[in-house]
Every structure is written in structure tokens, then in C-alpha cells.
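Undergrad: The structure's right below; bear with me while I get my questions together.
The values are calculated or read from the model by the stated rules, or taken from the named source; none is laboratory data. Fair warning: this is a prediction, and the values are worked out from it, not measured in the lab. Here the Cβ positions follow ideal geometry from the backbone for every residue, glycine too, while neighbour counts run over all protein chains shown.
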Number of protein chains: 2
Amino acid sequence: MENKENSSGGENQPSKKGLKKQQKAAEKEAKKEARKQAQGEQQVSQEEDVSKGFYGNMPMIRSTERPDRTILDLKDLTPSLKDKKVWQCFFVLRQQKWTIQALVCVGPNVSKQMVKFSAGINKESIIDVEGFARTVDQKIESCSQHDVELHCEQVWVVSSAAPRLPLLIEDAVRPETDDVINQDTRLDNRILDLRTTTNQAIYRIEAGVCKYFRDYLMEKDFIEIHVPKIISAASEGGANVFTVSYFKDKAYLAQSPQLYKQMAITADFDRVFTIGQVFRAEDSNTHRHLTEFGGLDLEMAFKFHYHEVIEVIGDMFVHIFKNLRDNLQEEIETVGRQYKSEPFKFLEPSLVLTYKEGVRLLRDNGVDMGDEDDLSTPAEKLLGRLIKQKYDTDFFILDKFPLAVRPFYTMPDPTDKKWSNSYDMFMRGEEILSGAQRVHCPDLLSERAKEKGVDLEHIKSYIDSFRYGAPPHAGGGIGMERVTMLFLGLDNIRKTSMFPRDPKRLSTP
Amino acid sequence: MENKENSSGGENQPSKKGLKKQQKAAEKEAKKEARKQAQGEQQVSQEEDVSKGFYGNMPMIRSTERPDRTILDLKDLTPSLKDKKVWQCFFVLRQQKWTIQALVCVGPNVSKQMVKFSAGINKESIIDVEGFARTVDQKIESCSQHDVELHCEQVWVVSSAAPRLPLLIEDAVRPETDDVINQDTRLDNRILDLRTTTNQAIYRIEAGVCKYFRDYLMEKDFIEIHVPKIISAASEGGANVFTVSYFKDKAYLAQSPQLYKQMAITADFDRVFTIGQVFRAEDSNTHRHLTEFGGLDLEMAFKFHYHEVIEVIGDMFVHIFKNLRDNLQEEIETVGRQYKSEPFKFLEPSLVLTYKEGVRLLRDNGVDMGDEDDLSTPAEKLLGRLIKQKYDTDFFILDKFPLAVRPFYTMPDPTDKKWSNSYDMFMRGEEILSGAQRVHCPDLLSERAKEKGVDLEHIKSYIDSFRYGAPPHAGGGIGMERVTMLFLGLDNIRKTSMFPRDPKRLSTP
């Protein structure tokens, strides 16, 4: 570390690298200065340049050398000493979610030419700076590093951005700017859009969702597996499936890892989870549908009752919510500054209601629906609000869905065939998990498939997989982007998919 | 826990559930007994059955009830007390990787009918038993629970296997049985094949590879991202890519997450990793090619030199190898009992040689090849053996590949265009990672694409993604199944892919 310290107070001289020049907070002044300098350009360029060799465009880094120099990250810049000087050009440096104010001031080691060069660097360029960290008298509210600014003595452009940007970060991060910069503009310029502190926070939170999902399940002896996405027969029936050319054959993209996680259970792995992309060729252009999304899937054998599984999943969500709340508080607040929402509430243990109870609550509040009708999206939303009012939770589990609205492999209720051993889980009134006890008996499975009009020929190998001893089991599939979106109270799933795919969007930059 | 203990020694009465009946170790005796019983069948069936209600076929578990009963896992069965009895039928119960010997003996609570029923249960059926755990005088070498056997007083079939099995677990797990049960038979009956203790161990080790990959990178501030598999243009050129029908468009399956992880870097995420399936439409029917495999990908911005990245990846592999060795020792030994191999050796820090040095070593040993020739598969294998002899390591890194053999986005060496800032990593002489510093400057990238004959029109958005400031960066992609295969010294990648896909295999059961 190239820190110099003297006993009279300490001066830190960090090298700064890979920073993005975000905005000239005093752009006007800088421009004025630039103009003044342009007028006197000839004089300036003829003046001796005391800063020569301390600024400029760096040659492309091609790993030519590896200097013995430690680079300080912006987040670690929080030092002490004050100092005063007249300065001439300042700007904001950004690195991931951290920002700092930087100055270049004419002085013994800094020439006018260097100041002019610095003022002219294109926004979003990546620069290396060397300078002194100085504390400030007044907090710099607009930067993450409030108490310190950087007095530059070297300024090098590592990678210059184009002079005109299709999207300005300071606009993209402003609260409620969705009307000004719409989702498509953002996605068409995703690289810039992802540089906002909001997006830097969102994808750290999404990584957290996966981490806490895995941590909890591994702790409970679940084994992580990896299953193929190219399959020979549509996993959830023929509709909404993408077809793939497989050498001379036709194949499909898996709509879920359903078959494979069940096979892992019948193969005696007892408890498994898998994280991977799943694909739905559904022409749904809504705020919550993607054609490809992150599936967090789990499946487990149980002893007596599928409620053993509901409890594990419910506790797993509590684990995820708690850890996001406690370990990613700063990120949640960052997102909240751009997109306001109420903090996510949950109960411990999780609230479980039956489908019947849910329908009753809706009917009591004016919704006209039959016992076994499927829940419409507005009804789901309303149910979420009613349950929030009544139980003060944004997360709940709805158990015992009507058999008619579930796939053929769902175990019917043992006493009443109107119902089934299946469940959905909801966050802020939107479904984020669908699951059930599966039929593990080949005869009942064939019978159910026939009743549902599924061609037995197509699912022969699936049915046969239960002929060598299969334990009772249940599980579920979770939409990763939905969990992140709804935990943060966001309004569009494209905000939580780094490079989203929908019927109209097949590429992201 | 339904354990009864008395001061005279302690008797454990565990309930056992979800166990698979593996083999009747004393099948002959059992059969003899069954025959004897059959002869006296009429008498037996007329005898009063003292065991009535304590054995039989259980009704399908449909979550009817949830008795307040704790089920003991087989692995936890290690108790004390001895006891002696004359017994009549014994078999082996298996649960994941654990096995135990169980007996059903005629006595005050066990009828001849019950013994007969037990002897007739189909292999691989799932059964619940209740009984006393008893220590044995002589170690039961054939079972994982050496010191204890189970004296059953209740035997219930939860799920009966078909009477004839296409594959016997005891055959499938025998050392060097690949000639008897070939890979295709195994994969055609994957559910049974996966029940071997060997496979139970292999997929726990593979889960470990992913866990330690993630643990190390998260510790080093890498962020996990998820990237789309359906893409609008082939990521690594047009060859070997699967096509997908995307509504009215044509799309492709990603051959790697290359473009997207680089975009995450230019979007200022600094260090990212992603785990997901990748797809290669390559008609290669070899021991180490799959058309779909688990990709462990990482990418990071660096300060001065791509060797910063090589060091991180090298240390990451050491972290993986050490943790597998230390935490999954039992699983490694289990695999070794069926497939013999030398323990995997590695150095700390990892050995890095240049391509030139590798070629020199090969030439010194009789291989005829030019400086810039690509390594053939046999040459790679030989190099692995030579390096093992010389340096005593099964893992090494080969740095500075000829530019000609690498993709257009590889950074050329800054001083000699014959070479490039790229590297491969090897385990037991087979490539498991390919990586490089990437070209982060749009002009050089266009120039390199032209030189390689890549159509600039197809990669416009990729090139444009570097126009808004891009840090120097490097990374690599790892084949998950190859790491597991080569760590264990296995001979076929189909042994480490739970449900493998190759040009000839599109389904697993």
C-alpha cells in the first residue's frame, strides 16, 4: 500500500483504478473553465506542462507489466486529514455501488493542461487516479463516501466511453423515472442500466436468494443435482414448449426439472434441489412472465404426510427472508430509494391456509367464485391484500387445491377426489411456488393421466420410473426472479432478470 | 424417538422407513424355508397368525395421517445390546449409502406367515420395519453398519418393486463390472443404477465441486449471476450450435455464457460467476464429450495483468481439491472400491507452465510438433503423464497459448502476436478449463474478428458492449462433469452426468 503517513496528521495517497467517471457535479463550472482554457488554448499548450507523465490516455491494458502497486477500492476510502486549496474541476467517481467526489486543482504538481484533460474525459469512462484522500467540512450527501474527497495528482483513462451515451446513469437511478426512461430503453442499453446503484443492489439481493435457498437445504441434507434442459418429450404436456433440432431428431426445452428431480428421489437420493434455467414458450406479455427464468426446484421423500415437506419449504422461505433482511439491509435500502415499497413482512412459522379458507375470505369480500374454481390473477392479488390485513404477512401458503386445476401427477386427496395434496405459496399476493405430493404409484399415475387426457405412450418412461420401489414424495418449483421482485416490492419481473427473455425480446444489449 | 432402554443393557426399538430391500444374503436358506413353508402352506394359512396387523402391504401413502412417530435413519443405527435367537429369514436393507442386515425370526410375536411374507418381498421394494437393533459377535463386513443387525417385529411394504429387475444393484456395484453391465444398460435403467453406493457417492462429490467453487468465489467477492440460454446469435460462432424455434423467430442454445458474463463485467459487477447448463451440438462420441453439460463459469476485472486471474482460479481449484479430499473422504473411498485409481495429487500454489515449455517437454519425449500447433488429445494425455512424473501433480495450468488456436475475443500477447494471453487448465492430462484475457477494446476486437473471418454484422452488439468504458478482464469456463470424473480418475463422463446427453442419447430412463 502506497500510504504515506506523517505524525502531523496522516496523508493517504491511494491509487484508484477501474473507477467510472459518473458525472461532473459542477459541470457548468468545468465547462466554463474548459471554454476559458480553449480560448487560451494556444498559450496553454505552449506553457511548460508540469504534469506531463501524470495524466493521459493509458495504452490498452494487455498484461504487459504487473507493477508492485496496491490499488485501493473506493469502498475502502474513508480516511482522515483536512486540507484546503482552490480547485478547478471536480467530478464523481463510481465503482459498483460506491461513489466519491474527486478534484483536479492547478498546483505545484498539476498543470492547467491536466485539469483541461480531466474536465474533458467522457462520462462512464474507466479511469485510474492517484491522489490524496482528504476529509471534508461538509458532508457530501450525493456520494456514498460522505466524509472524504480525492485530490488527484495523476489521472489516466483506462477505457474511454463513447462521447454520447444513450442513457445517463444519473437519470436511470432517479426515483420514479420509469416514465422518462422506459423499460425497453433500459434493456436496450442494459450495460449502462446495470451500472445504477439500484441494479447493483438488486442483483446482489438475487444472488442472496440463491445462496440462502442452498444454505438452508444443504443444512437439511438436500443434495444439489444438475439435470438436462434438452428433453425428448415435453415435461408438462405439449403446450408452451420450445422445440430444438437435436441432430436429426426433434427435442424440447424443459419446462421444469420435474421428471428428473422425481427420478433422483426414486433413485434414493432422498432430498434434492436444483437451480437452473427453465423455459416456457408462452406468449404472455405481462409484468410477471418470462420465457426463460431461474428455477429453484426441490423435491423430497417424506415419511407419512406431505405436510412434512410444506413445513421444510415454509421454514426455508423464512430463512431466506430473514437473511436478506439482516445481511443485505443496505442493498434493500438502496433499491427502496429508487422504488419505494413497504418492507416485506412474514410470520414464523409461515401462515398456512386451505384453498377453501382462501376462497371463503374472497367470497366474504365480494368475489363471486365457486369452491373449485381456479384463482384469477386479480383474485390472487386481492387475497394477498386481505391476508395482509388479517394476518400482517406478505408470505403465505395455500394448501389443498382443487384436483381439477392441477397436473395429472398431483396426488388426489385420500378422502375426497375433489381436492388434492397440493399447494401454492405467495408473496405480496403473487404465486412464487407451485408444488404437491406426487403420485408415486404407477397404476394411479396411469389412471390420472387417462382422466386428464394425457397420452400414456408419451409418458411411459415416466410412469415406469415408479415400478422399482418409489417412496412417497413432494416438492415444488420456485421462480427466482419473482421472489426477488416481490421481496423488494418491484412492479416488473424484467427488473430482476439481468438479461430477460420474453416473447418480444430475444437479446439484451 | 421410540427407544426403550432398560438398565440391564438397553434395547433400541427403532422404526425404519423408506428402506430398500437389497438382497437376501442367505437367499438359499430363505428359499428353502419358503419352499418348506409352501409345502406346509395350507397348515400355515390355517394356523392362527400371531403377527396379524404387524406386516403386509401398506396402503399407498397419500398423506392420510401423520402419526406421532419418529423414524430412525439407517445411518443412525449403531447401538449396543447383544441377544441370541434362532432366526429364519434375513436380508439386507439399504438407504442411500448405508446398509444393514435385518432378520425376521419366528417367535412369540412373529408368525411363520410373517416370515414367509418377508422372504417373498421383491428386491428394491421400499419397506418400513420396526424392530430391535442388536449388536453382533462377528462384524458384518458386507454392510455399512458392521456392528449391529435389526430384529424385525413389523414389516410393511410401502412401495413394491417389480418382481424382475433389469439390473441388480449388487451386480452394478461390483468392481470392474463395466464389461458385464455396460454403460448403456446402466443409463437405460438409470434409476436403479443410481442406487449403487458408488453413484450415491459420485453425485455427492459432484455437489461438493459446485459448493466449493461457489464458497471460494463468494469469499473473494464474486457475485453469482444467471444468464439466458436462449440467444439470438451463436455465442461461439455458427458451428456446433443447436437451433430453437422462438415463436416466429429462430434462436440458438448458448454454447457458453461468454457474452453475458463479459457484459456483467462491463456493467461494473467486477467479479461474477454463473453455474448453468451449456450446449454443444457436436457429433463427438467420446468418453469426455456431452452435448449438454454443467458449466462453472467465472469472469473478473483485473488491475494490471491477467495473471491476477490465473492465480485466483488456481487457488480456487486448490480449495476445491482440498475440501473434496478432506470432507468427502468416505465418498471418495466408496467410489475407489468400484473404480480403482490413484488419489488425485495437486500442488499449492498450482503449477503454471507456458505452452512453449509444455511443447518442449513433449518434444523431448519424442512428440513431433511445431511451436504453434494445437495439442492433440493423445499429446495432452502424454503431457499430463510427463508433468506428473516431473512435478508430482495431477493439476497444472498451461499459459500463453498460440493466438491462432484461440477464439477472436482472446487478447493477443502485447509483444508477440504469435502468442496470446490465454490458458487452459488440466486434470490428469485432460482439459477442464479454457480461459483468457478478453479483448476489451472495440477497435481491436473488430480487427481480430476480421482476421478470424467472423462476420462483424453478427457480433455488432457484442462489440458495442465495450464502447461505454470496459475494464481489462479475464475468466474461464469449467466443465463440471469433467472435474468430477478426473478428480475420481473415472474413464467416462457419463459416469459423472446424472442424466447424460450425447448425440445418441436424448433420454435417460
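Undergrad: Can you tell which of B:Leu362, B:Leu398 is of a type outside the set (D, E, K, R), modelled with pLDDT of 95 or more and not in a strand (DSSP E or B)?
TA: After ruling out the rest, the residue left standing is B:Leu362.
Undergrad: Another question, then. Which of (1) modelled with pLDDT of 90 or more; (2) outside any loop (DSSP other than H, G, I, E, B); (3) more than 14 Å from chain A (Cβ to nearest Cβ) is the odd one out, the single condition B:Gln138 does not satisfy?
TA: Every listed condition holds for B:Gln138 apart from (2).
Undergrad: Mind counting the residues in the range A:462-509 that are more than 7 Å from chain B (Cβ to nearest Cβ), more than 20 Å from A:Gln255 (Cβ to Cβ) and aromatic (Phe, Trp, Tyr)?
TA: Selection size over the range A:462-509: 2.
Undergrad: If you go through the range A:418-430 one residue at a time, do you hit one that is part of a loop (DSSP other than H, G, I, E, B) and under 20 Å from B:Met60 (Cβ atoms)?
TA: Taking every residue of the range A:418-430 in turn, at least one turns out to be part of a loop (DSSP other than H, G, I, E, B) and under 20 Å from B:Met60 (Cβ atoms).
Undergrad: Is it the case that A:Thr291 is at the interface with chain B (Cβ under 9 Å from one of its Cβ atoms), closer than 20 Å to A:Ser507 by Cα and among the β-branched types (Val, Ile, Thr)?
TA: yes
Undergrad: For the range A:161-200, which residues satisfy the criterion of being surrounded by fewer than 19 Cβ atoms within 10 Å (Cβ to Cβ) and acidic (Asp, Glu)?
TA: A:Glu170, A:Asp171, A:Glu176, A:Asp178, A:Asp179, A:Asp184, A:Asp188
Undergrad: Here's another thing I want to ask about it. If a residue has to be part of a loop (DSSP other than H, G, I, E, B) and at the interface with another protein chain (Cβ under 9 Å from one of its Cβ atoms) to count, how many in the range B:269-288 make the cut?
TA: Number satisfying all stated conditions: 3.
Undergrad: Of all residues in the range A:209-263, which are among the charged types (D, E, K, R) and farther than 25 Å from B:Asp188 by Cα?
TA: Across the range A:209-263, the qualifying residues are A:Lys211, A:Arg214, A:Asp215, A:Glu219, A:Lys220, A:Asp221.
Undergrad: Something else about it: Is the range B:325-337 home to any residue that is within 14 Å of another protein chain (Cβ to nearest Cβ), in a helix (DSSP H, G or I) and either closer than 27 Å to B:Phe499 by Cα or in contact with a Gly (Cβ under 7 Å, 6 or more places away or on another chain) (or both)?
TA: yes
Undergrad: Moving on. Mind checking whether some residue in the range A:130-151 is of a type in the set (Lys, Arg) and touching a residue at least 60 places away in the same chain (Cβ under 8 Å)?
TA: no
Undergrad: While we're looking at this one, here's another question. Restricting to the range A:436-483, and then to whatever is touching a helix residue (DSSP H, G or I) at 6+ places or on another chain (Cβ under 7 Å) and part of a strand (DSSP E or B), can you tell me which residue is surrounded by the most Cβ atoms within 10 Å (Cβ to Cβ)?
TA: It comes out as A:Ala474.
Undergrad: Sort through B:Thr334, B:Thr354, B:Thr291 and tell me the only one that's in contact (Cβ under 8 Å) with a residue 12 or more places away in the chain and either in contact with a helix residue (DSSP H, G or I) (Cβ under 6 Å, 6 or more places away or on another chain) or small (Gly, Ala, Ser) (or both).
TA: Every option except B:Thr334 fails the conditions.
Undergrad: For the range B:96-135, which residues satisfy the criterion of being within 24 Å of A:His473 (Cα to Cα), in contact with a helix residue (DSSP H, G or I) (Cβ under 8 Å, 6 or more places away or on another chain) and not in a loop (DSSP other than H, G, I, E, B)?
TA: Result: B:Trp98, B:Thr99, B:Ile100.
Undergrad: Could you check how many residues of the range B:411-435 are buried (at least 20 other Cβ atoms within 10 Å of the Cβ), over 29 Å from the mean Cα position of the chain (by Cα) and away from chain A (no Cβ under 11 Å)?
TA: 1
Undergrad: Pairs, please: C-beta under 6 Å, at least 6 apart or cross-chain, first residue touching a residue at least 40 places away in the same chain (Cβ under 8 Å) and in the range A:366-387, second surrounded by fewer than 17 Cβ atoms within 10 Å (Cβ to Cβ)?
TA: Qualifying pairs under 6 Å: A:Glu372/A:Ala404.
Undergrad: Listed residues B:Leu194, B:Leu167, B:Leu187; which is at negative phi, over 18 Å from the mean Cα position of the chain (by Cα) and within 14 Å of chain A (Cβ to nearest Cβ)?
TA: One residue alone meets the criteria, B:Leu167.
Undergrad: Is it the case, given these coordinates, that B:His458 is over 25 Å from B:Glu330 (Cα atoms) and in contact with a His (Cβ under 8 Å, 6 or more places away or on another chain)?
TA: When the stated conditions are applied, B:His458 does not pass them.
For (1) among the polar types (S, T, N, Q); (2) closer than 24 Å to B:Gly294 by Cβ; (3) out of contact with any strand residue (DSSP E or B) (no Cβ under 9 Å at 6 or more places or on another chain); (4) part of a helix (DSSP H, G or I), each residue gets a yes or a no:
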{"position": "B:Asp171", "(1), (2), (3), (4)": "no, no, yes, yes"}
{"position": "B:Glu176", "(1), (2), (3), (4)": "no, no, yes, no"}
{"position": "B:Ala207", "(1), (2), (3), (4)": "no, yes, no, yes"}
{"position": "B:Phe213", "(1), (2), (3), (4)": "no, yes, no, yes"}
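Undergrad: Sticking with this structure for a sec: Look through the range A:309-320, keep the residues that are farther than 26 Å from A:Lys229 by Cα and within 13 Å of chain B (Cβ to nearest Cβ), and return whichever of them is surrounded by the most Cβ atoms within 10 Å (Cβ to Cβ).
TA: A:Ile310
Undergrad: Right, next: When the range A:360-373 is examined, which residues are found to be exposed (fewer than 12 other Cβ atoms within 10 Å of the Cβ) and acidic (Asp, Glu)?
TA: A:Asp364, A:Asp368
Undergrad: Any residue in the range B:204-218 that is more than 10 Å from chain A (Cβ to nearest Cβ) sitting within a Cβ distance under 8 Å of a residue that is basic (Lys, Arg)? List the pairs, counting only those 6 or more apart or interchain.
TA: Sorted first by the residue in the range B:204-218, then by its partner, the pairs are B:Leu217/B:Arg271.
Undergrad: Scan the range B:442-460 for residues that are without any contact (Cβ under 8 Å) to a residue 12 or more places away in the chain, within 12 Å of another protein chain (Cβ to nearest Cβ) and under 40 Å from the mean Cα position of the chain (by Cα) and report the count.
TA: 1
Undergrad: Between B:Tyr306, B:Tyr391, B:Tyr355, which is in contact with a strand residue (DSSP E or B) (Cβ under 6 Å, 6 or more places away or on another chain), surrounded by fewer than 15 Cβ atoms within 10 Å (Cβ to Cβ) and not polar (S, T, N, Q)?
TA: Within the list B:Tyr306, B:Tyr391, B:Tyr355, the selection yields B:Tyr391.
Undergrad: Can you tell me how many residues within the range A:225-268 are facing chain B (nearest Cβ under 10 Å), surrounded by fewer than 21 Cβ atoms within 10 Å (Cβ to Cβ) and either charged (D, E, K, R) or assigned to a helix (DSSP H, G or I) (or both)?
TA: 3
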